[in-house]
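First up is the structure itself, then whatever we jot down about it.
The values are calculated or read from the model by the stated rules, or taken from the named source; none is laboratory data. Worth saying up front: this structure is predicted, and the values here are computed from it rather than measured. As a convention, Cβ positions derive from the backbone with ideal geometry for all residues, glycine included, and neighbour counts pool all protein chains shown.
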């Protein structure tokens, strides 16, 4: 019996024939002769294959590839590509149902992402610790303990180049080292989950989708610096995150990866949750520590830094949720692996909440150094309704705007700072041509004025004065000199405020002034809001008095 | 869950857990993962889950395992439902209660996917 | 010392014990001050610093509607106005039947489904007038 390399079954049912099936068949026979393949390829006529609306059709074995809607001219390419070169012709193949579905990783939204922090989110049940363990969960902690030397952990984190993901980008390894070097029996690890930047919800998503990665990261930090206790400070506005984290801590303790004698070693580390009560300023680390201690969330002067004197005056490492979520990955896969992602001096990824005037909003994780253009157009699908991209806000109320002219800026700590903005915690709000930049700046400033703790004068009074000027400008009552006044006030507030909230409060105003000064000018000189957002004839709203100052002083 | 007393035990548990994540638990022929992050819930994920459970009850189909998870981040498509069946993982987006009932009837029980609502499909 | 509940948690507890009014009665704050041996001004100072605490009785359901950046861009103002009209109260006020208190909130982190709000611990996104009407109706009827 003759052995053929390929069997090509052509449907010779009535409908396929009437649709031109036999002319395809003769065409194919001709091609096979021309390419000398008649000895290797057997053509078999079969009865009706059943899927008449797809005819003329042919099934090629051994692969079982189904070609549909065949025309005589298709014979040439099938012979040349598939039979000769072994490359099936995809465009002639049968596709399941209506179209071929992309794999999840091929969907444009996901294709450009690199998931380290979000590696488990959406893929596991956060209330089942076994699913976390199945995906290498707690291997990082195991490795740390097995090394028998906290210094090794510190070195690995330093080597990775991980920088604080809460906004400032301070080298995490250095922070841990500073706490490690303190001579004290009692030390603490604190996680800042008080995510308050408008537009930012990265931390909440991690806590809801993969709480164990934070628990593991904190335990590793505890081992590294010599702490036995940790606190996670979560916003009260995140009840689901609190619920999932509570459950995860309980399971972790039951499983022996948290609490006394972790994994049978003599390292013990306990974790507790502290719930906030609605104060943005508690995202500032010293204010947060004050809040855990049960006080008003007022910041303290630095130095001394928390690594030296933090919670209850003991050495404390305080890091953001996202920072801790990176730690198990670094310990499991190694600092060298971490360095392969991102760009020099900015290794790893950053999680952003992509929101505003962009087609596909959502939570994304991208390697540092990626361009803003790629984020907005490749991942986000561009600006809806055919509008023009105007600018993107990063850093929330402490940040600034990246204008359209700078869209090819790489997203890294230094580049953003040089443009007058900052990385921030990860809120990325996209604006189109209909967004008024003065209105945006005013909005952020209003937020800061309301959230100011009231302790220091430059922030408490200065930001209110800036807001008053902006209210006048956006009501058609701006005058010459207002812009210079804003800039001067901004400079003073930045230089003299006690904490980061005040020091960065003027940023949105200064940044929009830098890139969109003409919009401010047209509000003042022409009494016109080009985007038709500001009501230029409304009475000036009196800047809301900061509630807290009434009680404190 | 039992206490893990050594690094070796952790490793063993990982290997076991990995296996059980891809295999079905007991009778389950189908696994449904419901995205239950705050964004999904804000978009109606709880009502969708209720509809799924109700439809399964109505049709007396019990070879199903339902798991509530976090969000994948594709907020625009929330509520998201993933159906794991026949070696494939099909991700449906913008699911509403009525659609969920159809997905149960057609896909979960009869193995026929509803292409208009599919965002992605992966081999498991 | 760190294992005891902090003042903030104790205040949360007191407030949670008043599910119909979600507030901190003055006498209970004084009792707390005594038992914790701290000056009443400290307790009051903390209670008034944090926006989630209230020293005045509120309604059974606290509606927190987001007015920050992304929601602002998605016409949150219209939703806020609609709620004010529907419930016949202003921001910060409670309905006459004691069912609802309307408050503005800072970012709830539901930016991708803006405009959004939270009622107690339930999140609601993609708000429209109809959706809001339905939700309020269901809460009034106790079907949620």
(request) Please indicate, with yes or no, whether at least one residue in the stretch A:149-156 is in a loop (DSSP other than H, G, I, E, B), more than 7 Å from every other protein chain (Cβ to nearest Cβ) and at pLDDT below 95. (result) no
(request) Give the residues of the stretch A:125-182 that are at positive phi and touching a residue at least 24 places away in the same chain (Cβ under 8 Å), sorted by residue number. (result) A:136, A:138, A:161, A:167, A:169
(message) Can you find a residue that is assigned to a loop (DSSP other than H, G, I, E, B), in contact with a strand residue (DSSP E or B) (Cβ under 8 Å, 6 or more places away or on another chain) and within 21 Å of residue A:165 (Cα to Cα) anywhere in the stretch A:302-309?
(response) yes
(request) Take the residues in the stretch A:267-282 that are crowded, with 20+ Cβ neighbours inside 10 Å and touching a helix residue (DSSP H, G or I) at 6+ places or on another chain (Cβ under 6 Å), then tell me which one is farthest from the other protein chains (Cβ to nearest Cβ). (result) A:269
(message) Based on this model, can you work out whether residue A:483 counts as in contact (Cβ under 8 Å) with a residue 12 or more places away in the chain and either crowded, with 20+ Cβ neighbours inside 10 Å or not in a helix (DSSP H, G or I) (or both)?
(response) no
(message) Kindly evaluate residue B:21 against the criterion of being within 14 Å of chain A (Cβ to nearest Cβ), free of Cβ contacts under 8 Å to residues at least 24 places away in the same chain and either surrounded by 16 or more Cβ atoms within 10 Å (Cβ to Cβ) or within 13 Å of the chain's Cα centre (by Cα) (or both).
(response) yes
(request) Please determine, by comparing only the residues of the stretch A:311-324 that are in contact with a helix residue (DSSP H, G or I) (Cβ under 8 Å, 6 or more places away or on another chain) and part of a helix (DSSP H, G or I), which one is nearest to the other protein chains (Cβ to nearest Cβ). (result) A:311
(message) Condition first: under 17 Å from residue B:72 (Cα atoms), touching a strand residue (DSSP E or B) at 6+ places or on another chain (Cβ under 8 Å) and within 14 Å of chain B (Cβ to nearest Cβ). Can you find one or more residues in the stretch A:325-347 that meet it?
(response) no
(request) Hey, could you check the stretch A:231-266 for residues that are outside any helix (DSSP H, G or I) and more than 9 Å from every other protein chain (Cβ to nearest Cβ) and say which is nearest to residue C:119 (Cα to Cα)? (result) A:234
(message) Return the residues of the stretch B:86-116 that are outside any strand (DSSP E or B), under 18 Å from residue B:34 (Cβ atoms) and within 11 Å of chain A (Cβ to nearest Cβ); say none if nothing qualifies.
(response) B:93, B:113, B:114
(message) Here are the criteria: (1) in contact with a strand residue (DSSP E or B) (Cβ under 8 Å, 6 or more places away or on another chain); (2) buried (at least 22 other Cβ atoms within 10 Å of the Cβ); (3) within 27 Å of residue C:49 (Cα to Cα). Tell me which single one residue A:236 does not satisfy.
(response) (2)
(request) Return only the number of the condition from (1) surrounded by 24 or more Cβ atoms within 10 Å (Cβ to Cβ); (2) modelled with pLDDT under 95; (3) part of a helix (DSSP H, G or I) that residue A:214 does not satisfy. (result) (2)
(message) Test of understanding: among B:67, B:4, B:41, which residue is on the phi < 0 side of the Ramachandran plot, out of contact with any helix residue (DSSP H, G or I) (no Cβ under 8 Å at 6 or more places or on another chain) and facing another protein chain (nearest Cβ under 8 Å)?
(response) B:67
(request) Please go through the stretch C:77-89 and pick out each residue that is within 14 Å of chain A (Cβ to nearest Cβ) and under 24 Å from residue C:53 (Cα atoms). (result) none
(request) Inspect the stretch A:421-444 for any residue being within 15 Å of residue A:369 (Cβ to Cβ), away from chain C (no Cβ under 14 Å), in a helix (DSSP H, G or I) and within 18 Å of the chain's Cα centre (by Cα) and give the result as yes or no. (result) no
(request) Collect the residues in the stretch A:490-499 that are in contact with a helix residue (DSSP H, G or I) (Cβ under 7 Å, 6 or more places away or on another chain), assigned to a helix (DSSP H, G or I) and within 14 Å of residue A:456 (Cβ to Cβ), keeping them in residue-number order. (result) A:492, A:493, A:494, A:496
(request) Can you work out which of the residues in the stretch A:445-477 that are surrounded by fewer than 23 Cβ atoms within 10 Å (Cβ to Cβ) and assigned to a loop (DSSP other than H, G, I, E, B) is nearest to the other protein chains (Cβ to nearest Cβ)? (result) A:454
(message) Taking the condition of being modelled with pLDDT under 85, touching a helix residue (DSSP H, G or I) at 6+ places or on another chain (Cβ under 7 Å), buried (at least 18 other Cβ atoms within 10 Å of the Cβ) and outside any helix (DSSP H, G or I), how many residues in the stretch A:69-120 meet it?
(response) 0
(request) Filter the stretch C:46-75 for residues that are surrounded by fewer than 17 Cβ atoms within 10 Å (Cβ to Cβ) and more than 17 Å from the chain's Cα centre (by Cα) and give the result. (result) C:75
(request) Scan the stretch A:124-141 for residues that are in a loop (DSSP other than H, G, I, E, B) and either more than 19 Å from residue A:208 (Cβ to Cβ) or facing chain B (nearest Cβ under 7 Å) (or both) and jot them down. (result) A:124, A:125, A:126, A:136, A:138
(request) Assess whether residue B:60 counts as being more than 11 Å from every other protein chain (Cβ to nearest Cβ) and at pLDDT below 90. (result) no
